[in-house]
Amino acid sequence: MAAEILDGRALAADLREDVAARAKRLRGRGIAPCLTVAIIGEDAGSLGYVRSIERAGASTGVDVRVSALPATAGEETLRALLRTLGDDPLVHGIILQQPLPSHLAIRRLAEAMPPHKDVDGTNPINLGRLAFASGTEFVPATPMACLLLLGRSKRWPLRGARACVVGRSNVVGLPVALLLTARDATVTIVHRGTRDLAHQTRDAEVLVTAAGVPGLIRAEHVAPGATVIDVGTTFVGGKLVGDVAYDEVAAVAGEITPVPGGVGPVTNVALMQNVVLAAERASG
Ligand code: NAD
């Protein structure tokens, strides 16, 4: 039986209505919710992502500004930019676009993001609060999108569900695992160093994959009826593809997110939701 599709575009459209209504209320009080994207260099994937953020801003009533620095910009220049944005009362949210040029390390820069404007949850303080499951300033947008999609799944609520997360990055895999744990799922994290990937993934009722390796997850990796959330996005021959070999996995899984049209559209709205939240908090 073919898997049911967890439709990210439909979910994004529903969420957008609420975010746009909140942005409109702020504007009615003379506050224009504003996100600034700091981007260093001209990575093609990043520039494409920034355009999609601009579209998401336009459709929700959030102003999106771009602060671009040349690929040669040093750490101190970037820190100074983040400080300036942090001090600007008209900027409510900041994201530092990754990947960074190789001479810059996110580990050394993330702390320069003021936690109350860190709308993608990059600052170690926010990530740490997520680990405490005690609430954070901002849940990172992509992990939040995974959770929102799971909220539409027949697996919801996740208490007791066996979940497997492929990938352990600070931006996706790790926070997804923390969020699933906080929802009382039993979580296994797998990564490049995992010996028998299929052995781990096949046990999962909920499989979230964020490796960035097209075709990594095949039918043999998926339990019959499992819910599969594909976060991976890689351009292959000009086409966006996920980690999942879609056709064969859709024949085994119970639910699946497509790429494109799954996690991506929800991520963009989740980011705008955080910017609006930051503006609401800043304005009391
Ligand atoms: P990353 O490269 O930082 O991390 C990848 C993780 O996958 C690592 O932990 C690595 O160990 C693991 N991995 C890689 N190859 C593996 C393999 N063969 N077997 C098992 N594990 C493996 O990447 P990231 O920033 O976490 O992003 C992951 C993917 O998600 C990328 O394709 C990225 O483009 C995509 N992404 C999508 C969205 C969205 O909104 N849809 C947002 C952010 C990232």
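Summary table below
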| quantity | calculated |
| --- | --- |
| In segment 233-271, the residues that are more than 13 Å from the ligand (Cβ to nearest atom) and either under 17 Å from Glu17 (Cα atoms) or outside any helix (DSSP H, G or I) (or both) | Gly237, Gly238, Lys239, Ala245, Ala251, Val252, Ala253, Gly254, Glu255, Ile256 |
| Residue among Asp196, Asp230 that is over 23 Å from the mean Cα position of the chain (by Cα) and on the phi < 0 side of the Ramachandran plot | Asp196 |
| Residue that is without any contact (Cβ under 8 Å) to a residue 60 or more places away in the chain, surrounded by fewer than 18 Cβ atoms within 10 Å (Cβ to Cβ), under 23 Å from Val252 (Cα atoms) and touching a helix residue (DSSP H, G or I) at 6+ places or on another chain (Cβ under 9 Å), where the choices are Ala198, Ala161 | Ala198 |
| Within segment 131-154, tally of residues that are open to solvent by less than 60 Å² (accessible area, probe 1.4 Å), over 15 Å from Val171 (Cβ atoms) and not in a helix (DSSP H, G or I) | 3 |
| Breaking point among (1) in a helix (DSSP H, G or I); (2) within 16 Å of the ligand (Cβ to nearest atom), for Thr122 | (1) |
| One residue from Gly45, Gly8, Gly57 being over 30 Å from Leu207 (Cβ atoms) and touching a residue at least 12 places away in the same chain (Cβ under 8 Å) | Gly57 |
| Of the criteria (1) open to solvent by less than 10 Å² (accessible area, probe 1.4 Å); (2) under 24 Å from Val64 (Cβ atoms); (3) part of a helix (DSSP H, G or I), which one Leu127 fails | (1) |
| Whichever residue in segment 222-232 is touching a residue at least 40 places away in the same chain (Cβ under 8 Å) and within 13 Å of the ligand (Cβ to nearest atom) and, among such residues, is most open to solvent (accessible area, probe 1.4 Å) | Val231 |
| Breaking point among (1) within 12 Å of the ligand (Cβ to nearest atom); (2) outside any strand (DSSP E or B), for Leu178 | (1) |
| Unique residue being outside the structural domain of Gly232 (by TED's automatic domain parsing) and assigned to a loop (DSSP other than H, G, I, E, B) when the list is Glu42, Glu54 | Glu42 |
| Where Ala219 falls short, out of the listed (1) open to solvent by less than 50 Å² (accessible area, probe 1.4 Å); (2) within 14 Å of the ligand (Cβ to nearest atom) | (2) |
| Residue check, Val187 buried (at least 19 other Cβ atoms within 10 Å of the Cβ) and more than 22 Å from Val241 (Cα to Cα) | yes |
| Candidates Arg218, Arg155, Arg162 - the one that is closer than 27 Å to Ala12 by Cβ and at pLDDT 95 or above | Arg155 |
| Test: Val171 is over 18 Å from the mean Cα position of the chain (by Cα), under 21 Å from Ser46 (Cβ atoms), of a type in the set (A, V, I, L, M, F, W, C) and modelled with pLDDT under 95 | no |
| Unique residue being open to solvent by 40 Å² or more (accessible area, probe 1.4 Å), outside the structural domain of Gly173 (by TED's automatic domain parsing), touching an Asp or Glu at 6+ places or on another chain (Cβ under 8 Å) and not basic (Lys, Arg) when the list is Pro99, Pro70, Pro89 | Pro99 |
| Residues located in segment 264-284, provided they are of a type in the set (A, V, I, L, M) and open to solvent by 10 Å² or more (accessible area, probe 1.4 Å) | Leu277, Ala282 |
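The values are calculated or read from the model by the stated rules, or taken from the named source; none is laboratory data. Here the structure is a predicted model, which is why all the values come from computation and not from measurement. Methodologically, a virtual Cβ is constructed for each residue, glycine included, from the backbone with ideal geometry; neighbour enumeration extends over all protein chains shown. We work out accessible area using only protein heavy atoms, side chains counted, and drop any ligands, DNA or RNA first. Shrake-Rupley method; radii C 1.70, N 1.55, O 1.52, S 1.80 Å.
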